[in-house]
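Asker: Quick one: this structure, given as structure tokens, is what I'll be asking you about.
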Amino acid sequence: MTSTTIDPAIFAELRDTAGADFVSELVATFADEEAPQMLAELRDALAAGSAERFRRAAHSLKSNAMTFGAVSLGELARGLELGGLPANDAPLVVLEAAYADAVDALRELSRG
Amino acid sequence: MAESGARLLVADDNKVNRLLLGRSLEVLGHRVAMAENGRVALDMLRRERFDLLLLDMEMPEMDGFQVLEQMVADTQLRDLPVIVTSSLEGVAHMARCIELGADDYLSKPVNPVLLKARINSSLEKKRLRDQQKELVRRFATSEVAEDMQRSGFALGGKRITGTVMFCDIRGFTSITEAQTAEETIELLNTFYTLMFDAITGAGGVVNQMVGDGLMSIFGAPLPLTDPCGSAVRAAREMIELIEMLNVEREAGGRMPLKIGVGIATGDMIAGYTGTHSRATYTCIGDAVNLAARLEAHTKAAARPILIDGNTAAGLDAGQTLEALGAVQLKGKASTVDVFAVAV
């Protein structure tokens, strides 16, 4: 994990403010409930050609990524939020890979 | 209260954001409720009492902009402080939120130190605003208080059509001579309580109390659909209430009260006059003068409620009126058509 997967300072601040147990629950909510929905919504929106749905889903994902200090994921999501509908799903493949890295790192950090 | 223990509502469709913000606020010692979109938030605000709303902008069903618009239009919610929490890009969004009445804007992810400072500042502002409202409310009717809040106590008038009523106690001097000063104060308090009740109940606003008399306005500062009918309804109720009071007074061996009521309708200028440190809501126009003259004439006419032709024309057919013809009133160059309302 590089420091842009999860920015350690941001994650530490989150844990200090909200408490370690709470942050573990929050990571679980993100990884098990919310993020999979957003990723699915990005693919659905792309297939349906809906730029607005695509932008909203990218916006939500960006917001959550930034909260956890998932900098790379957040930057990718921000690019999608501001960039309009992509021509194909290549950017989503990149995003999904970054998401997988971020979630692994987050679960690791919240156990520690 | 400003420091902790406030009741806050968090509106955010994103569960992670909602939970985290709720947690951060609980850590600061506040009680938190949550809504997953704007519509749910608005329902909760209308049902329960909150001290502050933290509002996300992008939400399904009803977004944050729509919530702000609805709150501005709702007198109950207009003064509730709102802090917008959003990760929308661009200053234009921020500016639009502030224009729509949001107190403050926090970018997500929300910095906990900023969060604490902004919440405390907003709650303190609300506390001061509530205090000010309470003071105004004690000295003015709620209609005038609301209009003052809206207009920002601006001095100056606007042209309106409304109905003015004057009322006073007949032979008050002989009543005061027959009882102690304490009894007189108590009588005046009872009198004012009953009159206020009848007037505000019919949609009028009492704007002046002088000795044993009062002036009230129907149709300003807030418009009424039927200012003439409302004023006459109030006058009849006032007479009825005084008659009920007299039953008690006579049982206690005291002199009965008699009141006279004069009502006139027309164009007038209504607004705040005075200085910025002390102002009163009032109306100026022919109708005001005429209503005062009609009230004075009730004694000579031996009728408790007298109205002018404009007011008579504004009443519906069901109202029994007695035409007293053209009367030369004191201070008026020409005669005025006067009508007595049956009681």
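The values are calculated or read from the model by the stated rules, or taken from the named source; none is laboratory data. All of these numbers come straight from a predicted model, not from anything done at the bench. Please note: Cβ atoms are built from the backbone with ideal geometry, for glycine as well, and neighbour counts cover all protein chains shown.
Asker: Can you report the number of residues in the range B:294-343 which are modelled with pLDDT of 90 or more, within 29 Å of the chain's Cα centre (by Cα) and under 16 Å from residue B:231 (Cβ atoms)?
Answerer: 15
Asker: Okay, moving on. Looking at the structure I just gave you, is residue B:239 touching a residue at least 60 places away in the same chain (Cβ under 8 Å), over 26 Å from the mean Cα position of the chain (by Cα) and part of a helix (DSSP H, G or I)?
Answerer: Values: touching a residue at least 60 places away in the same chain (Cβ under 8 Å): yes; over 26 Å from the mean Cα position of the chain (by Cα): no; part of a helix (DSSP H, G or I): yes.
So residue B:239 does not fit the description; no.
Asker: Search the range B:78-122 for residues being within 37 Å of the chain's Cα centre (by Cα) and among the charged types (D, E, K, R), and hand back the single one that is nearest to the other protein chains (Cβ to nearest Cβ).
Answerer: The selected residue is B:116.
Asker: I've got another one for you. Consider residue A:97 carefully, then state whether it is in a helix (DSSP H, G or I) and within 13 Å of chain B (Cβ to nearest Cβ). Quick ask: steps written out before the conclusion?
Answerer: Values: in a helix (DSSP H, G or I): yes; within 13 Å of chain B (Cβ to nearest Cβ): no.
It is false that residue A:97 is in a helix (DSSP H, G or I) and within 13 Å of chain B (Cβ to nearest Cβ).
Asker: Oh, and also: So which of B:20, B:45 ends up being modelled with pLDDT of 90 or more and more than 13 Å from chain A (Cβ to nearest Cβ)?
Answerer: Details: B:20 fails: more than 13 Å from chain A (Cβ to nearest Cβ).
Checking each option against the conditions leaves just B:45.
Asker: Could you say whether any residue in the range B:210-220 is modelled with pLDDT under 90, of a type in the set (Gly, Ala, Ser), surrounded by fewer than 20 Cβ atoms within 10 Å (Cβ to Cβ) and within 20 Å of residue B:303 (Cβ to Cβ)?
Answerer: Here is the first cut: in the range B:210-220, the residues modelled with pLDDT under 90 are B:210-213, B:219-220.
Retained after the next criterion (residues that are of a type in the set (Gly, Ala, Ser)): B:211, B:213, B:219-220.
When the remaining residues are screened for being surrounded by fewer than 20 Cβ atoms within 10 Å (Cβ to Cβ), the result is B:211, B:213.
Those left that are additionally within 20 Å of residue B:303 (Cβ to Cβ): B:213.
Yes: the range B:210-220 contains one or more residues that are modelled with pLDDT under 90, of a type in the set (Gly, Ala, Ser), surrounded by fewer than 20 Cβ atoms within 10 Å (Cβ to Cβ) and within 20 Å of residue B:303 (Cβ to Cβ).
Results for (1) modelled with pLDDT under 85; (2) small (Gly, Ala, Ser); (3) at negative phi, shown as yes or no for each residue.
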site	(1), (2), (3)
B:87	yes, yes, yes
B:100	no, no, yes
B:111	yes, no, yes
B:115	no, no, yes
B:123	no, no, yes
